[in-house]
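Bear in mind these aren't lab numbers, they're just calculated from the coordinates by the rules spelled out. In this text the structure is predicted, and so the values were computed from the model without any measurement. Counting neighbours? That spans all protein chains shown, and the Cβs are built from the backbone with ideal geometry, glycine included.
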Amino acid sequence: MSLGVFMGEDLLLMIPGPTVVPSRITRAMSAPILPHRGKEFSQMFLDQMERLKMVFRTKNEVYVLCGSGTAAMEASISNSVTEGDKVLCLINGKFSERFAEIAESFKANVIKLEFEWGDQVDVGVVRRTLYDNPDIKVVTMVFNETSTGVRNPVEEVGELVSDTEAILVVDTISALGGDVFETDLWNVDICVSGSQKCFALPPGLAFISVSDKAWRVIEGNDSMAYYLDLKNYRKDKAHAPYTPPVTLVYGLRESLDMLDEEGLENRWERHKELANIAREGLTELGFELLPLSEEICSNTVTAVKVPEGFDVSQFKRILRERYNIEIAGGQSHLTNKIFRVGHMGVITERDLYATLVCIELAMEEM
């Protein structure tokens with residue numbers, strides 16, 4: 001059976017990033033290269049950073065770095081942490097675990113609060129740990145844990161951290177622009193994101209916002225960074241300290257135009273509706289959600305458990321080879337125990353319903 005007429009000829013990326021890049025953005029990126037130190041590009045670059053503040057919901061400065069979201073994660077640590085500093089890492093998935101790995105690579109004294117993969121961070125445990133460790137300098141967490149499809153209580157943790165000397169660093173890479181997130185209202189000091197998820201851009205740009213509280217920490221820190229030294233990005237915002245990917249900045253401008261046209265709150269609502277369709281459709285097909293409750297489920301990626309003996313690799317191969325759809329498997333100890341469906345960026349209801357139909361067909365071929 002072929003669903004080519006319904007699906008189209010291009011591979012449909014239903015993974016949690018990188019996501020489908022619309023033709024409107026690829027056309028914008030095909031414009032002739034401008035000199036990156038020239039007046040026209042510098043103004044464009046500066047304008048996009050100003051526009052990103054709306055997506056971050058912040059008055060803080062937002063900087064564009066060259067690299068994937070992990071570059072911004074590393075920048076948040078390398079600029080704020082010196083060897084021996086105490087860093088509290090809230091871990092309930094692969095990407096929150098990455099913060100701890102980065103902090104350890106910079107020889108921080110890392111406290112790991114580990115929670116079940118599929119559950120939220122426990123705010124009560126965070127409260128007690130902060131009370132017992134008043135010298136904690138940095139707290140890290142992930143808002144939307146891509147590896148498990150769980151949203152974490154950033155607002156509640158932000159309120160706790162704001163009453164301490166520590167700064168809160170949050171990874172919003174797989175949700176910013178696709179789910180409600182309030183950098184300033186939730187007391188987030190450093191917020192990091194990336195281009196290849198809800199912005200529907202190719203990989204290659206990382207975004208980072210920095211609060212005044214965070215800048216005080218950074219300015220008093222002996223940075224171990226060179227390429228990612230945020231003080232260099234702050235000196236002259238219109239000119240990146242190193243050559244930026246010019247065509248990706250063209251794409252960012254187009255992506256933000258599309259976001260303006262849709263409206264940020266409308267986009268949040270669209271992603272919420274897609275998430276509801278995904279959860280309902282997958283559970284009707286007999287799969288169990290990995291998150292312990294629907295209230296903590298992500299609005300951009302849905303993770304479901306598979307039955308014993310279910311071959312996720314074969315399942316993915318059938319979807320790709322027969323139906324031209326790519327989904328994601330599990331990571332780390334969840335390999336071959338779950339699969340994940342991304343529904344972010346410009347993914348439509350039609351894309352999602354087609355994916356659900358093809359998942360059902362692929363199950364029949366297993």
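Rounded, prolate or oblate: pick one for segment 125-279, where a ≥ b ≥ c are the square roots of the eigenvalues of its C-alpha gyration tensor, a/c under 1.5 means rounded, and failing that, prolate if a/b is larger than b/c, else oblate.
Note, shape of segment 125-279 comes out oblate.
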Please list, or write none, the lysines whose alpha carbon is within less than 26 Å of the alpha carbon of K53, excluding same-chain residues fewer than 8 places away. K39, K137, K197, K213, K231, K235, K237, K272
If amide H atoms are built 1.01 Å from N in the plane of the peptide, which residues on other chains or at least 5 residues away come under 5 Å of the amide H of V150? E145, S298
L361 versus E159: modelled label distance in nm, points set 7 Å from Cα along the beta carbon direction: 4.9 nm
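With contacts defined as alpha carbon pairs under 8 Å and 6 or more residues apart, what's the relative contact order of the chain in percent? Please report the intermediate quantities before stating the final value.
On the way: 740 pairs, mean separation 89.4, N = 366.
Over the chain, the number comes to 24 percent.
When a/c reaches 1.5 or more, the comparison of a/b and b/c decides; with that in mind, is segment 1-112 rounded, prolate or oblate per its Cα gyration tensor? It would help to have the intermediate numbers written out before the result.
Working: a/c = 2.77, a/b = 1.34, b/c = 2.07.
Verdict is oblate for segment 1-112.
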Could you derive backbone 3J(HN,Hα) for segment 148-157 from the dihedral phi with the Karplus parameters 6.51, -1.76 and 1.60 (θ = phi - 60°), listing whole Hz in sequence and x where the residue is Gly or Pro? 10, x, 10, 9, 9, x, 4, 4, 5, 5
Check which residues have an amide H placed less than 5 Å from V301's amide H, if you skip close sequence neighbours. H343
The ³J(HN,Hα) series, computed from each phi in segment 189-205 with the Karplus coefficients 6.51, -1.76 and 1.60 at θ = phi - 60°, rounded to the nearest Hz and given as x for glycine or proline, is 7, 10, 10, 10, 8, x, 7, 8, 10, 6, 7, 6, 10, x, x, x, 10
Percent of all Cα-Cα pairs per 10 Å bin for the chain, counting from 0 up to the last occupied bin, reads 5, 25, 32, 24, 12, 2, 0
Between segment 16-95 and segment 301-340, how many Å separate their Cα centres? 30 Å
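Counting each DSSP H run of 4 or more residues in the chain as -39500 (n - 2.57), what helix-only mean residue ellipticity at 222 nm follows after dividing by all residues, to the nearest 500 deg cm²/dmol?
Details: 13 runs with 151 residues, N = 366.
It lands at -12500 deg cm²/dmol.
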Segment 1-94: relative contact order as a whole-number percent, Cα under 8 Å and 6+ apart: 9 percent
From the phi of every residue in segment 253-258, what ³J(HN,Hα) in whole Hz does the Karplus formula 6.51 cos²θ - 1.76 cosθ + 1.60 yield, where θ is phi - 60° and glycine or proline is x? 4, 5, 4, 6, 4, 5
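Would you please give the FRET efficiency between E349 and T129, computed as 1/(1 + (r/R0)^6) with r the Cβ-Cβ distance and R0 = 35 Å, to the nearest 0.05?
Efficiency at R0 = 35 Å is approximately 0.25.
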Under 5 Å, built H, 5+ apart or other chain: amide partners of G194: F207
